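This report refers to the structure that appears directly beneath it.
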Amino acid sequence: ELSREHAVHPIGAPTVWPVPPRSTLQGPAYDVMVVGAGFAGAVMAERLASQAGKRVLVVDRRPHVAGNAYDCRDAAGLLIHQYGPHIFHTNSADVFDYLSRFTEWRPYEHRVLASVGDRLVPIPINRTTINALYGLSLDTDEAAAAFLASRAEPVSVVRTSEDVVISAVGRELYETFFRGYTRKQWGLDPSELDKSVTSRVPTRTNTDPRYFSDKFQAMPAEGYTRMFERMLDHPNIDLLLGTDYAEARAAYPHRHLVFTGPIDEYFGHRYGKLPYRSLRFEHETLAQEWLQPVAVVNYPDEAVPYTRITEYKHLTGEPHPRTSITREYPQAEGDPYYPVPREENQALFKRYEALAREESGVTFVGRLATYRYYNMDQIVGQALATFRKTFAAPDRAVAP
Ligand code: FAD
Ligand code: UDP
């Protein structure tokens, strides 16, 4: 029998959990199985356990919690992000308050510089960037706006990621900062990508050097992984790491499923594969105290094979005589990290979404299951809303 004791798994200790023989199981042991221990899965599990009193099994194929936000100590003892830099920012007080139950915060405002020629200049493009590149001394917002207007090329309908930038700053700045970076990052020209991609990066006429302008900007004081461990530390939640859903689904009976993996994978790629962009992360510890003046330096030059270098000590504030960095090399194959925002991909997703609507007893949530290029805070918001809609309101509840 699958006893409670047997199923209690020490959080944070990566283990391959034994799948019990089917014959020993008697009836549904869990109300809900949650596939994925990233933001989407962890928020759903936490709400289901603490608000709805459900018994929850969280399954992840990786040997750790936190999904792509996972951080850990490297051989030098420095906290690094295994799947690339994760900077928390949000305008939602609800999301910030919710996460604040599980972590303290370290105030941090993200700054990014772009490597252009032999210089490092601010990105998003701001007045400092323009003055540095053109040898100008524009000293008001109006002067910078007038400069950009003189360069911008009007585009009648802004449709693509190329249109967005060219209509705001013109072709030269577009080619300096966006064309090469985007072609590397996505393996596509900006003209082939939805406008939503480069719209993530604003253009500024002031000298605000911050990457984000959100109301709340901070890093979890003890890291993301610690925050996830606290979210999942509930007597109603069991954790099964290093195990694929395909293996766990029959072995651990459940009344309802919350699926946060790729939606096309769930349906056996019935309509073909949804494109996801992947990355290879090259982690390195250098025998010097600092490498670069800010946490992230972008490399828009297409001749440089990586897109950016992150130096974690800027994010964590940890003193150390050495410094740990990550270079990101975009690639087609590998773990699915980014849904690719293009019309034809959205059309294919819609076909899977239609299947999902017909799938009873399953809730699809998260970046991979809803095929949305969402930040962490948006995924938390999506999961909180999904929980309320699906499980919390008794009159509208569709699940146990
Ligand atoms: P994930 O974190 O991907 O979690 C899904 C989990 O499901 C994974 O752990 C996976 O192993 C598991 N899984 C999938 N299929 C199965 C299966 N069949 N069986 C078992 N387990 C399965 N957001 C920000 O707000 N700020 C940032 O600075 C930022 N930087 C980013 C940098 C990079 C390089 C990337 C890739 C993303 C970044 N994001 C950032 C976005 C952020 O990572 C996502 O918004 C967030 O992680 C999404 O959470 P999720 O739970 O939907 O997905
Ligand atoms: N981008 C770019 N140059 C930059 C920064 C961003 O061309 O210096 C484009 C690129 O297409 C990137 C997108 O804008 O994928 C969104 O940038 P963001 O920093 O939000 O990417 P993420 O952190 O999600 O990888």
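The values are calculated or read from the model by the stated rules, or taken from the named source; none is laboratory data. No experiment lies behind these values; they were computed from the predicted model shown. With ideal geometry, Cβ positions are generated from the backbone for all residues, glycine too; neighbour counts draw on all protein chains shown.
Scan segment 72-130 for residues that are over 17 Å from Asp377 (Cβ atoms), within 16 Å of ligand 1 (Cβ to nearest atom) and basic (Lys, Arg) and the total you get is 1.
Evaluating Ile325 against the criteria (1) aliphatic (A, V, I, L, M); (2) in the same structural domain as Leu79 (by TED's automatic domain parsing); (3) part of a helix (DSSP H, G or I) leaves one unmet condition, (3).
Number of residues in segment 291-304 that are over 22 Å from the mean Cα position of the chain (by Cα) and either more than 14 Å from ligand 2 (Cβ to nearest atom) or closer than 22 Å to Gly77 by Cβ (or both): the value is 4. When Ser150, Ser156, Ser137 are screened for being assigned to a helix (DSSP H, G or I) and farther than 30 Å from Gly261 by Cβ, only Ser150 passes.
The sole residue among Pro330, Pro341, Pro305, Pro300 that is surrounded by fewer than 16 Cβ atoms within 10 Å (Cβ to Cβ), in contact with a strand residue (DSSP E or B) (Cβ under 9 Å, 6 or more places away or on another chain) and under 22 Å from Phe177 (Cα atoms) is Pro305. Val121 fulfils the conditions (1) in contact (Cβ under 8 Å) with a residue 60 or more places away in the chain; (2) in a strand (DSSP E or B) except for a single criterion, (1).
Among the conditions (1) under 30 Å from Ala149 (Cα atoms); (2) assigned to a loop (DSSP other than H, G, I, E, B), Val112 misses just one, which is (2). Selection of segment 308-327 for residues being more than 19 Å from the chain's Cα centre (by Cα) and crowded, with 21+ Cβ neighbours inside 10 Å yields Thr323, Ser324.
Confirm whether Phe216 is out of contact with any helix residue (DSSP H, G or I) (no Cβ under 8 Å at 6 or more places or on another chain) and within 19 Å of Arg111 (Cα to Cα). Here the answer is no, as Phe216 does not meet what is asked.
Mind listing just one residue for me: the one in segment 114-132 that is touching a Leu at 6+ places or on another chain (Cβ under 8 Å) and of a type in the set (A, V, I, L, M, F, W, C) and, of those, farthest from Thr182 (Cα to Cα)? For segment 114-132, the residue satisfying everything is Ile130.
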